Structure formats: structure tokens, C-alpha cells
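One structure below.
The values are calculated or read from the model by the stated rules, or taken from the named source; none is laboratory data. What you see is a predicted model; the values in this text were computed from it and never measured. Quick reminder, even Gly has a Cβ in these numbers, built from the backbone with ideal geometry, and neighbours come from all protein chains shown.
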Amino acid sequence: MEDRTDKTYEGAGGAENGNQNDTVNTEANDGVFLEAKGIYKQFSGVTVLEDADFSVNCGEVHALMGENGAGKSTLIKIITGVYTKDAGELYVEGKSVEIHNRQDARNLGIQVIYQELSLIPALTVTENIFLGAETAKHGWMDKKAMRERVQSLIEHYGFDLDPDAVVDTMGMAKRQMAEILKALAFKAKLIIMDEPTSSLSAAESEKLFETIDGLRNRGAGILYISHRLDEVYRLSDRLTVMRDGKIVGVLKKGEIDPHTVTTMMIGRDVAGDEDKGATKRYEDHWLEVKNLSYSHMLKDVNFTAYGGEILGIGGLVGSGRTELIRCIYGAAKRSGGTIMLDGKPVSRSIRRNIRNGFGYVPEDRHAEGLVPLLNVEKNITIASYDKLSSASLVNRRKEIAWADKAIKDYDIRPPMRTLAAGSLSGGNQQKTILGRWLSRDLRLLLLDEPTVGVDVGVKMDLYRLLREFADNGAIVVMVSSDLAELVYLSDRVLVMRDGRFFEEFTRGNITQESLLLAASGVHTEEGMSL
Amino acid sequence: MRRMKIIAMLLVLVMAVGFIASCDKPKETTNTSNNDNTASNNDNSAGAPADPTASSGSSGSTGTGALPGGKNIYEDPIKISVISISTAGIVNRMYQMALNDQAVRYPNVILDYKDAEYDPSKQVTLIEEAITQKYDCIILECMDPVGVNEAIDKAEAAGIPVISTNAAEPFTVHSLHVAGADYSSGWKGGEELVKLAGNEGTAVVLDCPASFKPGARMGTGFEDYITQNTNIRLIEQIPIENWDAAVAQTSMRDVLTKYGPGEITMVYCSSGDIANGAMNAIDAAGRADEGILIWGFMGYPMELEAIRDGRMAGTMFSDTYTQYAALFYIALNHIATGLTSITGGYTATPAIEQPMFPVTKDNVDDVMAFSGWYMTKSMNGK
Amino acid sequence: MASKTIRRMISIGLLLIMVIIFSISSDVFLNFGNIANLLKDSAYLGLIAIGMAFVIIGGGVDLSAGGMACLVGILCVRMSTMGLNGFLIVLAGVILGMLCGFINALFVTRVKLTEFVATLALGFVYSGLTLIFAFRDDRGTITSVAIPKWSSLRAFAGNVGGIFYITIVWIVVAVIAYIVLTRTTFGLHTYSIGSHAKSAQMSGVNNDRIKMLGYIICGACVGLAVVLQASLLGSSPLNIGSGYEFQAIAACVVGGVVLGGGKGDPISALVGALFFKTLMNGLYKFGLATSWEYILQGGIIVVATVFDAVFNRATSKRLLARAQ
Amino acid sequence: MMKKAIRAIGSAWGQRITLLVLICIVMAIAEPVFFKLDNYKSILLAIAVNGVMVCGMLFTVLVGGMDLSVGAMAGISASIAYRIAESSGFTTSGFLSGCALALALCLVAGAVSGLLVTRFALPAFVVTLAMKYIVYGSIYLVTQGFFVLPPAHGLSYQVGNQIVFSIPVGGGNKLNIPMPVIILIIVVAICAFVLVKTTYGRKLYAIGGNKNVANLVGIKSNANIVGAFMISGVLAGIAGIMLASMNGQAGQTTALNYEGNVLMAMVVGGVNLAGGEGGVAGAIFGALFVGIINNVMVLLSVEATIQTFVRGIVILAAMTLNMYARRGSTGAMKIKIAKADKAA
């Protein structure tokens, strides 16, 4: 039997003796655990992180906030060894260290919990926690010891978990807790959590916060990444705000308040922010949604969107925005409520909706947006065979013209029709998907996080396309977490919170601060509370 | 929760033990006792077995003592297990018809046809099955002459006569072997072809699939005769996968491509299907007029008609229909007298040589007249 | 109760029901000789199924098991004619199986062929090699040669108290395999790469190495199975293993080892093989036409897979609902 | 220029042509008779039945599944068609009604497989393996083990043997093209047309590539997958009827275990077994290549016992070459894209 486990981790080994006062033993309880100085990182010419100075103390919850693309994830990946820094110094417990891979980080006591959990569905909690670092002698696992270790951890940190439960029969909250337990099991001195509450209910989040407080009192360092201002306010001892790859400032517990944080996050003026005249609203073309409900995610949603208008939908991850869009499009079966387009009820079948002018740009490009094996042309024309074929015979000439026009109109690079879509860059893949819909004469376009992972230049093109598209009369409903995008593009913004619309902002008084505050449940004077 | 796993494991073991405890010790000799008393295998099991080419009709030394006496074949319920290599082919269909036609007169006899799906291990299983169900006789179309030896010994020891037929002869001593005549049919086929074509020319063999060679030795018989007794050049030996007529047709076409007109004198085919494939290929290539002599095996109705129409030179005819009909009565005789290789004190397996005789254009009509298979022509069950 | 145990309870329960039905309807079914034969027949397929279970749980499939069995079988019988000691031959059979398993793994992990394609092509290669290594008579035509009477390999065909050695070896190997899969790190890693290969990799599991070990163990089981079966038959016919790869996969699937990986264990493969052979044994008692054997075999596979799909979806949905 | 050549060989058709060129070189030296015209006809005739089945199974493989029951489907289709034809004395109308009923049954059986695969999300490998057993078992119920021997005249004979037309090829001999080759060409043409020209073909590639995306662009994936299994069933049925006519016998052993050859052709044809990639041309090339290997082995009179081994090694080599070449060519493609991105 393979005998990989001779070098059991000091952490797991240390856990072996399972001393009762199982404090996370670090030398100085209040000293600096991790310090980064002058970290610099660039990807093929684009500077992503510039002289970042950053530190996390033991026994401290250090929050990290910043918009998408502000460099947060790059910093985390450097600390955890996924990327290697181009310049700068990293110190752990005062000693300068080099972290090249996950193993180094783990040995230093740095553990990460990513948003998409890394647990193995078919294994039990105990097996997942000890996977890769089993307590075993010559390959024979000591299951009893491992199970006891997990049981003691559970009781010690007060989690409500069954060590023998199989992961794929557990709810999201329980999986989150198991993931955290996995970090703790290896004597983590610094636990990095990336958007941990995104798929948790309020009660479950509260349980998580208690756990985090417990960890802090035991001297563990917590690096907490989140968009939720209220959570950061409640939990963090210190908050570092990042923007455009630079550290904007570090706020102590007392100094954290919504307004200062949002201005620090948004500081930069958005290019071309000139005040556009009021857009023309086509009264005769409207989408009306009345008391829509969908399983436990959406409760009694009501809104109306008009042609010529871009309706932005703000709110935090997990507030039900994606589910709303999918119910309208027909991709999700709504449990109640009515959806009307120009007074006529909208069908539940995706096929019929596409036929009468719907379009949907999904959030996850790779899982639901693109067929990687098919070439760019087919990815564009895939939704338009009603126009490109007669009697189910594809009109090849029309199809090629349609694809070439789309490639030219939406500037997809490299402009090679026969290239497999899988080998395009992120931005061009998004343009391909957008081209798939905009090339049809759409009456309603639904978008979910359209510019995630798209470089800035392409982002501007997408905004121009959407604006043009809305101006000639179509309804555009756009879900986005990019506050600047919402402010720049939307004529109206509805902010969603826990499956219900919380606040509405109309053009002119949409500001990023107010959106962020509304998303965190704070009413502001600009908005009209719903 | 852990307890559950242990209970599950215990259950499996208990179940296995439970089987054993709950069954009564069988009365007749269990298979424990006879696995070491190696029945006197005929000595040629190691090394190349010399085929009983010419041993016709020599039955082993018949036991002197009075036979224990068996069942009354008219009233007592009798079960005969017919285990064949595969029940899917045409030839097997013919055996079942022949046996069923006889069994009509004996309502108390039940014929149980079993398919071994070309799997030697399954043949052993089916023989043991017959022992467990106390069948009265086993008619075995044996696939691998060695693999079934132990099972046959058990059957014979249990008083069940084993009659092997039509395919390889198992090496162990058993009640009767009706010589499948595969080797001798190939040998005699060579003789006949030489008579027709003279002692020179070339020969092509479309033989059984390579893995069947130990059991189906007609091709080997033909090759032995040609190489040992004539100076006919053996130019091609091609295994036909799955005995499939379409594969035979393809291989024959490739041979025709390779050898121009007049370069092929004769084609020996190991089965009726393969002969059919060869004929189709020759017709399709438009070379029927070259007079390539095709020799078949076993005398299928198709072969007889082809010989009559002149598409085929001839075949070794063994009226398998009458052979199996006779077999039915031989089986009843064994059951009635309780004769097995053990009660009969055999030291070698008696073999009945299958009367083989060539069928060519001149005697095909009267052969058709008395061939049970052709007469009934009930290939399609009418 | 863990869904794994429930699933095994159900398949054992169904097996018991079938045994009861058969023992009522035919007085011969439950007699000692029949059960001993039943267990002997299941052992050959069962051992191959246990090897196959390792590969399936690791998320793969091994279509070369049949060809491999034929090859190892003929090589071992050749060794017996050379007078090697029985134990040495069994050991050699296992090692030859592991060698073939290693070659399979090379093509899957190094050449990166998909598992289906690599093992399919290698299956043909092994059957081809079988014909090349087959015994030839003085004139060169293939013949079948028995394991010599004096060879100690024959001793492996014996039995103790009526239960054949191959059956005992089968149950022992099944238990050992169960312990290896549930007690060792290798076992845990096999389940993890079968269930979610990417996050297994992220947790530090060396996927390629585990997959390679899986194929090697499968080869070992196939080698062991065919040597014992050859000693039982007294020879290794050239198609001793052909078609057994599909039967082994069917046995695993019926037992609860789900294609795709991460579920099931060697004991379910054992129960699956036993299930098939018990059904066949029972059917023989009724003298049904062979076609009913095929139809019922196909029927069970469909029923078992549909049951697994519905059963797994229901349990996870039910537990998820409870957790919400 | 050299880099361009390597990339050309790397491409799928580049490899196939290199394989063919290799074989031609070997045969030019060893057995030039390979190049005789009717040898090509003979190879085409040899792969006619396999080719039709390959086209059928291609549909199921494209949507990410597989169909192991093609052999049994062909068997039962031949048995039913000829049983009914026989009861009506092999009149043309009797034979046609027999074929109609047989193909209808194949449609239903294919639909059952498709429904099982889609409704319960079962692996197609296991479902069609079970269907193979069930359908093979039911052949006996239809034929009671008897065989139907179609007479050497009438439509039932022509389907398998009739020379449709013959091209005078100089030197007096004529290259006559038999019906099976014509049927193969028709089936290949129709399947290529459906896969390349019709919306149904586009949908299959989309479903095979990414089923979620297909659903989100309004494709009824499950319905189309069931359709693919039905097509595979029907084409297997046609192949069975053709084979029985060629063999002159229809019954239990017609097309027994033919799915092995079909899988071999798929694999050599470079069809991606995970779905979404591979065309009729590639699959038919696979069937042709396997046919050529068998033909070459007979022409070179390769010793009987090593034929299986040679076939296995050649297929393994073709697959390994395909994998390394594909890795090489995708690498080259990536460089080209990066350059194009930078330049624009």
C-alpha cells in the first residue's frame, strides 16, 4: 500500500495528542502572524498588484474589501502559493518565507476556504477533513483516532456536525462548516475565507459569525473577504480596502462606517461619466412581474421594466437575482406569480420565449454559456436556426453571413469563424455569447454578471453595445455586482435583498455608495424603499 | 452507524455459512471423494493428441458383470440434458429437431436443451447442474476436450452416462463418443477433392475461428491429408471469425483478388455457412465458370442444393439428423441398462464412427432422398 | 443509516428472497452440492468483478479484463507443463495480471487515452497474444493441452468440506479488498478520485498514481481468478475469459457499484456476481429456454441501475430537504 | 515550411492520410494486387454492413452516449423481416411489410434505450448492454431457433447481392457495384446531410458539447437524445436485413457481437466518445481502415493466429498517434491565436 503519509503534518500530528485546552498555540497571541511588504504582480503586461503592504495579526479578524478586479484574489493567491509574487517580501511569524505551493502554505498554518467548496461529495466529513493528510501508519488509516479528533474539534468549536455524515447529503451551511473544520483540523493559524456566507441563510451566517468570534478568541488569524458591509462591520478588527491593485487604506474597528468605506472602494471616476440625457422610454413595450415566488429563494417579487431602458438589479451574491432572471427566461420553474410581456403572459418554455424575442446571457460562461468544442460561428448561430433554416435545412450562406456580421459587429477577436470557441479569451467568449443574442431582433435581453472576468477595454465595448441595443426599444434587465457598471449603465436600479426588492433608485441619484448600502440593508435618502 | 456496517458484514458471512448448514448431506457420492481418483485418462492428454482417425467402431472392453439395471424407459420419468456449444446456429437447430421428433413417442422423456454460449466454464457448470438435478443422461457437444474432463468424471461416477458428440472428444473415459468426424471428414474431403482435381493444383482452407481449432479439427484433417499424401500446394489458411458467412465471403473475395483465374483449384470450408460465403464471393466476382472446387462439411440442405446446382463440388455427408435420432435411442438404452463407463468397466471411450461418405453431383439426388434433414426440410419448422 | 449500507442490505435482501423462491419451487436447489457448485461458478466471475470494482470506484472501466484473463490463463498452463510448483504458478499468474494492469495504466495516465478506448484496444492485443502463446501440435496447429496430472497446480482445484478453494479465495479476497478500500489511505484516495477528481487533486491526492494502483490490483484479481479457474477446468481454453469484462461490469452495477465512480465496494461486487449466478442456477432448474436467461439478465441490469439512480437521488434530496 | 507540414500531419485528416500512405507503401512493395480496382470494391462490400451500423451509433456517441445493442437490433430486425417475408412467400410486398415492421420495432427499442438514458440519467453503456441481452434473448422468441433461408431471387435477395450497375473499366472487365455498397453510400450521404446540413445535426453537436447550454438555447435535449437512439436502432435494423440477405440466412446468429467492430471503427475514426466531436467522414474512415487492415492481412496471408494481435496493435498505434498529434496541433493553434490577439 502506498505509504504517503510518513510526513504527517506537524498540525495533524500535533493534533494526535489532542490536549484538552486545545488552544491554537502561537507564540505571541497578539503579534503579527503574517506580513506582506511591497507585493508586486503583473500578468502579461497588466499590473494586477502594486506594492501591497498587508498584515494579519494573531487573534484578529482582518477584513479585505474591494470591487471585482481590485486585486483581492491575486493577493490571496500569492499568500496561499497559487501564484508566485514578482516582487516583495512575505513574513510569517517574523521569519521571511517563500510560498510556492499549497503545501508550503499549509505547513505554515495558512488555510483557504474558497467559494466553491473543495469537499468530496461521496466521502464522510472525517474522510474529507483528513484527505491527503491521514493519520496512518504504513498506509493503514487509524479511523478511530481520526474520528475522535474530528469529534473533539466539533465539540471544541461547537459545530453541529456528524463526523460520519456523507457530504453530498449535507446542506450548504453544513458543508461550509465542514470546510472550516478541515482548516482548523490542521492547526491553521490563519484561515482565509472567501465570501463564506454567499450561500448561507441569515441564521446559518449568524452561526458562522459565532464560530469566527470563537476562533479569534483562541488566537487564530482570520482573513475575511466579503462584499457585505454589515458583516465586515460586525466582525472585523481591521479592514483593508483595495482598489485597482493598490491598498487604499486600513481602517480600525471604530473607523469602519459605510460612507468612508464605499468612497475608498469607488474613489476613481468612471471614464465617460458624462450625464446622459433621460433615455427615451417606450411605454408600449413593457415587462411586468407580479408577486413572483420561487422555492425559498424568491418571495413576492414585483417590478415593471420598459423598452429603451436598462434596468439594473443590484444586491449581494445569493440574494435571489439569478433565480429571478431564470424564472423570467423559463430556465427555472417558478412556484407562483405572473409574468407578462406587453400584456401577454410569458410562456414557461425557453424555446417559445426565444422565438418571441427573449435572450439570456448566463452567469457561468463555461458551464452554461459556451459550447467549447463548437467553433465561434456555431456558438453564435446556435440560437437562431429559426431564422437561418427553412424546413429544418440550414441555409449555409445565411449562416456564414450571420456569423461574420456578428463577429464584425461585436468585434470578436481573433475574427476566425472556424476557431473552436473554447480557445478564445474570456472577453471574446462573452462577446460571442452576446453576439448570439444581439444578432437576433430581441425584445427582452436578460444578463447575469455580463462583465465578470472581462478586461477593461472589452468592458467598455460591451457597455456601448448594451446602450445602443436598449436605445432602439428593447428591454434590458441586467444583474450585476459591479457597482460602477450599475451606475454607468442603468436607467433604474432595483436592489434585492433575501429574495425581495429592498430599494429602488432612478437615474440621476444612483450612486455606488447608496447601492452598496442598500445591498447591505441600509436605506439611503437617494432611494425609494420598497 | 459503525454497528450497521459490522452487522452487514456479519450477515454476508452468516448467509454463506447458512447455505451450507441448511442443506442435507447428499446421499450419493459427493464430489469431495472422487476429485483425486484420477479416472484413467487415455494417455494422450499431455502433448499433441493423436486423433482417432481410423479407429472406427472400436468400443472399449465391455464390462463382464451384469449391469445394475436402470429405469423403465416407457413409464419412468426420464430427463436428458443436451448441452451444446451454442444453441444459436443452424446445425444445433437440426439436432433439436431430430431429438424432438423421436421424443414425441416417449411422453415421459423430457429433453432439456442448454446453451453454453461458447464458454467452457459454463459447460462445466451445466454438467454439474445435470448431476445436481439427477438427470438420466447427458448428451454433450464438447467445446474444449480438456476442460470438461473432471465434470464428466463426476457425472459418470454419479451414474449419469455422458455421450459426447459432434465436436472434440473429451480425453477422459466416458460412456460413448459419437465421432464428430470432423477430423476424418476433413481427411476424406481431401481424398475426394484429389479424385476430382487430380494430384496437383492449389488449395485454400477457410477454417474455423482460431480459438476453436482444438475442438473443430476438420480443417486440420484436410491440411494433414493434402500435405502428407499429395503435392497440392496449400496456399491460404484463413480463420473465419465467429463462423460468419459474411466474413467468409469477404475473405474469399480477398483471396480471389490475390489469385487470378485458374490459380485456385479447390477451397475447403469448415462449415456450411463458410461454404455458402465462399460460393457467394465466387459468384459475385463472376468467376463461377472457373470450376473452383468447393468442399463443405456436414451436408447442410444448402450444401446439397448447391451441389445439385453445380455451384459446389461436394461435401462429406453425415446424416446428422439420423445420427441424433439414433443417439436418442442409444441414450435410452444406457438409461434402461444403467450402463456407464464405470458400470461398464470401460478403460477407453467407445467411439461410434459416423458413417461419412462424399456427396458429389452424381449421388446428391439420392442422398437428398434419404437425408432426414433435407427431407424434413423443416429448417423453418413447418 | 449510511445509504451505502442500506443499498447493500437491499441487494442482499433481494438475493435472499430469490434463494427462498428457488428453494421452495425446486427441492434440488438448496442441496449441498448445488450450492457448492453455485459458489464455485460465482467465484471466477466474482474475483474478476472485485478487480473491476477497484477500477470503477476510481472512476474508470477496464474492458481488457477478458483478453487479459485468456492471456494469463494460457501462460500459466504453459508454466504448469514446465513443471513449476503450483504456488509459484498462482503467484506468477497474479504478477502477470498486475503487469497487464500496469500496461493499461500506462496508456491511461501517460499516453492520456480515455479509459474506454485504451482498455478496448488493449483487450484485443491481449486476446491476440493468447493465440500466439497457444499450444501447438507438432504440425503447428493450435491444440488444447491439459495441466499435467502430476502438476501441483491441480491441487488448487480441490475443496475443503465441499467448498472449493476458489470460493474461499474469492470471499477472502473480497473481505481483504473491502478492508483495503475502507481502511487504507489508498482506498480513501480511490473513492475520492472516483467521486470528484479535481478536488481530490487539490487536496493533495496523486490521481495518476491511485488510478495506476487501481488497474494493477484489477489485473492481480483477474490473474488470480483465471489461474484458479484453469486449475479447476484442468486447462485454459483459449476463450476462458472472453466476454467476462462485460459480465463483471454488469455484476458490479447490479451489486451497487455505480459506473462513474465513488460509490459501492468489493462486497457489493461479490453480491452482484452471486446475484447473477444464483439467478442462472435457479433458472436452470426450470429448464427455461436460453433466451429467458438473456432477457432476465438484461432486465436485472436495467432494474438495478434505475433503482440506483432513483435511490441515490431520493436519499440526497430527502436529506438535503431535511438539512434546509 | 517544415512547421506547416508538422501542423498539417497533426490535423485529424493529416494523420488519416499518413496512415493510408504508409499502408500503400507497404502494399506497393509486398502485394501490389492491393491496388487492383475490384480489391477496393471488395473492401467497400466488406465494410458495407459495419459502415451502416457505424453511422447509426455515431448519432448516439455524438450526444455523449453509446449503443452496444446495435448487433442484437440487427439480428432481431433480420429475423422478423425474413420471418414475415417467408410467411408471405417472399413476395416483394411481403418482404417490404416485414422490413417495415422490423424497423418499427427497432425504432421502439431505440426509443426505450433513449428514455432510460434520459429519464434516469443512466450511463448509456449499461443501458444498451442490458438492451443487448434483452433483444438477443427475444430473437429466440421470434424464430424459435429456426433460420429463414431467403430464396436466391426477389427483393429479399437483391438487397444483399444484386449488382446495381457496373462501370466498364477497360480491358473488358467491369467494376460492378453491388446493392450493399449502394445502400452504404446512400446511408452515409443521408447521415452526413443530416449532421452537416440540418438543424437536427446542429442540435446533436450542441447537446454533445454542453447539454446545459443546449437547454438554455431552447433545444429539447432529452427529446433529441431519444431521437438519436431511435436512429441508431433503425440503421442497425437496416444493416441486419442487408447482412441476412448477403448471407442467405436470417436468425439468431445474424450480426452476433458486431458492436465490437463498430466500436473499433469509431475509436479509429477519432470520434470523441465523450460526445460533441466527430463526423460521418471520420467514422466511415474508421470502418474503412479496419476493413483495410483485415484485407491487407489476408493479402499478405498473415498467419491466422497473429491476426487478432496485429489488429489490436495497429488500432492501439493509431490511437496513440492520434493523441500525440492532437496534442501537438492544439498547441500550435494556441500560439496562432495568441499572435492574432496581440496583432489586432
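May I ask you to verify whether D:Leu141 is within 14 Å of chain C (Cβ to nearest Cβ), in a helix (DSSP H, G or I) and on the phi < 0 side of the Ramachandran plot? Walk me through how you get there before you give the answer.
Numbers: within 14 Å of chain C (Cβ to nearest Cβ): yes; in a helix (DSSP H, G or I): yes; on the phi < 0 side of the Ramachandran plot: yes.
Criteria met by D:Leu141.
Please indicate, with yes or no, whether at least one residue in the range A:115-131 is surrounded by fewer than 18 Cβ atoms within 10 Å (Cβ to Cβ), in contact with a strand residue (DSSP E or B) (Cβ under 7 Å, 6 or more places away or on another chain) and modelled with pLDDT under 85.
There is at least one residue in the range A:115-131 that is surrounded by fewer than 18 Cβ atoms within 10 Å (Cβ to Cβ), in contact with a strand residue (DSSP E or B) (Cβ under 7 Å, 6 or more places away or on another chain) and modelled with pLDDT under 85.
Sort out which residues of the range A:12-59 are modelled with pLDDT of 50 or more, closer than 30 Å to A:Leu181 by Cβ and in a loop (DSSP other than H, G, I, E, B), and write them in order of number.
Those that are modelled with pLDDT of 50 or more, closer than 30 Å to A:Leu181 by Cβ and in a loop (DSSP other than H, G, I, E, B): A:Asp30, A:Gly31, A:Cys58, A:Gly59.
Out of all the residues in the range B:313-336, is one or more surrounded by fewer than 19 Cβ atoms within 10 Å (Cβ to Cβ), outside the structural domain of B:Gly272 (by TED's automatic domain parsing), more than 16 Å from the chain's Cα centre (by Cα) and not in a helix (DSSP H, G or I)?
Taking every residue of the range B:313-336 in turn, none turns out to be surrounded by fewer than 19 Cβ atoms within 10 Å (Cβ to Cβ), outside the structural domain of B:Gly272 (by TED's automatic domain parsing), more than 16 Å from the chain's Cα centre (by Cα) and not in a helix (DSSP H, G or I).
For D:Ala340, work out the one condition from (1) modelled with pLDDT under 85; (2) buried (at least 21 other Cβ atoms within 10 Å of the Cβ); (3) away from chain C (no Cβ under 11 Å) it doesn't fulfil.
Against the list (1) modelled with pLDDT under 85; (2) buried (at least 21 other Cβ atoms within 10 Å of the Cβ); (3) away from chain C (no Cβ under 11 Å), D:Ala340 comes up short only on (2).
Filtering the range C:268-297 down to residues that are part of a helix (DSSP H, G or I) and out of contact with any Ser or Thr (no Cβ under 9 Å at 6 or more places or on another chain), which residue is nearest to the other protein chains (Cβ to nearest Cβ)?
Applying the filter and picking the extreme gives C:Gln297.
Name the single residue that is nearest to the other protein chains (Cβ to nearest Cβ) among those in the range C:144-177 being hydroxyl-bearing (Ser, Thr, Tyr) and either more than 24 Å from the chain's Cα centre (by Cα) or not in a helix (DSSP H, G or I) (or both).
Looking at the filtered set, the residue picked out is C:Ser144.
Collect the residues in the range B:220-242 that are part of a helix (DSSP H, G or I) and over 19 Å from B:Ile282 (Cβ atoms), keeping them in residue-number order.
B:Thr220, B:Gly221, B:Glu223, B:Asp224, B:Tyr225, B:Ile226, B:Thr227, B:Gln228, B:Asn229, B:Glu241, B:Asn242
Go through the range D:225-259 and give me each residue that's among the small types (Gly, Ala, Ser), within 14 Å of chain B (Cβ to nearest Cβ) and under 21 Å from D:Ser97 (Cα atoms). Walk me through how you get there before you give the answer.
Taking the range D:225-259 and keeping what is among the small types (Gly, Ala, Ser), we get D:227-228, D:232-233, D:236-237, D:239-240, D:244-245, D:248, D:250-251, D:255.
Of the ones still in play, those that are also within 14 Å of chain B (Cβ to nearest Cβ) are D:239-240, D:244-245, D:248, D:250-251, D:255.
D:Ala239, D:Gly240, D:Ala244, D:Ser245, D:Gly248, D:Ala250, D:Gly251, listed by residue number.
Being more than 19 Å from A:Ala52 (Cα to Cα) and without any contact (Cβ under 8 Å) to a residue 24 or more places away in the chain: is that true of A:Thr211 here?
So A:Thr211 fails the test.
Of all residues in the range B:243-264 being hydroxyl-bearing (Ser, Thr, Tyr) and either in a helix (DSSP H, G or I) or modelled with pLDDT of 90 or more (or both), which is surrounded by the fewest Cβ atoms within 10 Å (Cβ to Cβ)?
Result: B:Thr257.
All but one of (1) crowded, with 24+ Cβ neighbours inside 10 Å; (2) of a type in the set (Ser, Thr, Tyr); (3) more than 9 Å from chain A (Cβ to nearest Cβ) hold for C:Ser242, so report the exception by its number.
The failed condition is (1).
If we scan the range D:40-56, do we find a residue that is touching a residue at least 24 places away in the same chain (Cβ under 8 Å) and farther than 17 Å from D:Ile185 by Cβ?
No.
Within the range A:406-416, restricting attention to residues that are modelled with pLDDT of 85 or more and surrounded by fewer than 17 Cβ atoms within 10 Å (Cβ to Cβ), which residue is nearest to the other protein chains (Cβ to nearest Cβ)?
Filtering the range A:406-416 for residues that are modelled with pLDDT of 85 or more and surrounded by fewer than 17 Cβ atoms within 10 Å (Cβ to Cβ), the one nearest to the other protein chains (Cβ to nearest Cβ) comes out as A:Pro415.
Restricting to the range A:70-86, count the residues that are over 16 Å from A:Lys189 (Cβ atoms) and assigned to a loop (DSSP other than H, G, I, E, B).
Count: 7.
Name the one entry in A:Leu419, A:Leu438, A:Leu393 that is over 31 Å from the mean Cα position of the chain (by Cα) and at pLDDT 85 or above.
Numbers: A:Leu419 fails: over 31 Å from the mean Cα position of the chain (by Cα); A:Leu438 fails: over 31 Å from the mean Cα position of the chain (by Cα).
Checking each option against the conditions leaves just A:Leu393.
Name every residue in the range A:129-170 that is over 25 Å from A:Ala220 (Cβ atoms) and small (Gly, Ala, Ser), in order of residue number.
A:Ala136, A:Gly139
Exactly one of (1) within 14 Å of chain A (Cβ to nearest Cβ); (2) outside any helix (DSSP H, G or I); (3) of a type outside the set (A, V, I, L, M, F, W, C) is unmet by C:Lys211. Its number?
(2)
Quick check on my filter: what residues within the range A:294-339 are more than 17 Å from the chain's Cα centre (by Cα), within 14 Å of A:Met496 (Cβ to Cβ) and among the acidic types (Asp, Glu)?
Selection gives A:Asp300 alone.
Looking for whichever is in a loop (DSSP other than H, G, I, E, B) and either over 23 Å from C:His196 (Cβ atoms) or touching a His at 6+ places or on another chain (Cβ under 9 Å) (or both) here; the options are A:Glu89, A:Glu67. Which one fits?
Just one listed residue meets the conditions, A:Glu67.
Which of the residues belonging to the range A:359-389 are in contact with a Ser or Thr (Cβ under 8 Å, 6 or more places away or on another chain) and assigned to a strand (DSSP E or B)?
Answer for the range A:359-389, where residues must be in contact with a Ser or Thr (Cβ under 8 Å, 6 or more places away or on another chain) and assigned to a strand (DSSP E or B): A:Asn375, A:Ser389.
Given D:Leu155, D:Leu116, which one is in contact with a helix residue (DSSP H, G or I) (Cβ under 9 Å, 6 or more places away or on another chain) and more than 11 Å from every other protein chain (Cβ to nearest Cβ)?
Sole residue among the options that is in contact with a helix residue (DSSP H, G or I) (Cβ under 9 Å, 6 or more places away or on another chain) and more than 11 Å from every other protein chain (Cβ to nearest Cβ): D:Leu155.
Can you pull out the residues in the range A:361-371 that are surrounded by fewer than 17 Cβ atoms within 10 Å (Cβ to Cβ) and more than 7 Å from every other protein chain (Cβ to nearest Cβ)?
Within the range A:361-371, A:Asp364, A:His366 meet the criteria.
For the range C:21-53, which residues satisfy the criterion of being within 11 Å of chain B (Cβ to nearest Cβ) and farther than 30 Å from C:Ala69 by Cβ? Reasoning before the result, please.
Going through the range C:21-53, the residues within 11 Å of chain B (Cβ to nearest Cβ) turn out to be C:23, C:26-45.
Hits for the range C:21-53 are C:Ser23, C:Ser26, C:Asp27, C:Val28, C:Leu30, C:Asn31.
List every residue pair whose Cβ atoms sit under 7 Å apart, with the two residues 6 or more apart in sequence or on different chains, where the first one lies in the range C:76-104 and is of a type outside the set (Lys, Arg) and the second, anywhere, is surrounded by fewer than 20 Cβ atoms within 10 Å (Cβ to Cβ) and not in a helix (DSSP H, G or I).
C:Ser80/C:Pro148; C:Thr81/C:Pro148
Please verify whether B:Val124 is under 18 Å from C:Ser236 (Cα atoms), touching a residue at least 12 places away in the same chain (Cβ under 8 Å) and surrounded by 24 or more Cβ atoms within 10 Å (Cβ to Cβ), treating the condition exactly as stated.
yes
Looking at the structure I just gave you, is A:Ala145 surrounded by fewer than 18 Cβ atoms within 10 Å (Cβ to Cβ), modelled with pLDDT of 85 or more, of a type in the set (A, V, I, L, M) and in the same structural domain as A:Leu75 (by TED's automatic domain parsing)?
So A:Ala145 passes the test.
How many residues are of a type in the set (A, V, I, L, M), in a helix (DSSP H, G or I) and either facing chain D (nearest Cβ under 10 Å) or free of Cβ contacts under 8 Å to residues at least 24 places away in the same chain (or both) when one looks only at the range A:390-405?
The initial filter retains those residues of the range A:390-405 that are of a type in the set (A, V, I, L, M), namely A:391, A:393-394, A:400-401, A:403.
Checking which are in a helix (DSSP H, G or I) leaves us with A:400-401, A:403.
With the extra rule that they be either facing chain D (nearest Cβ under 10 Å) or free of Cβ contacts under 8 Å to residues at least 24 places away in the same chain (or both), the set shrinks to A:400-401.
Looking only at that region, the number is 2.
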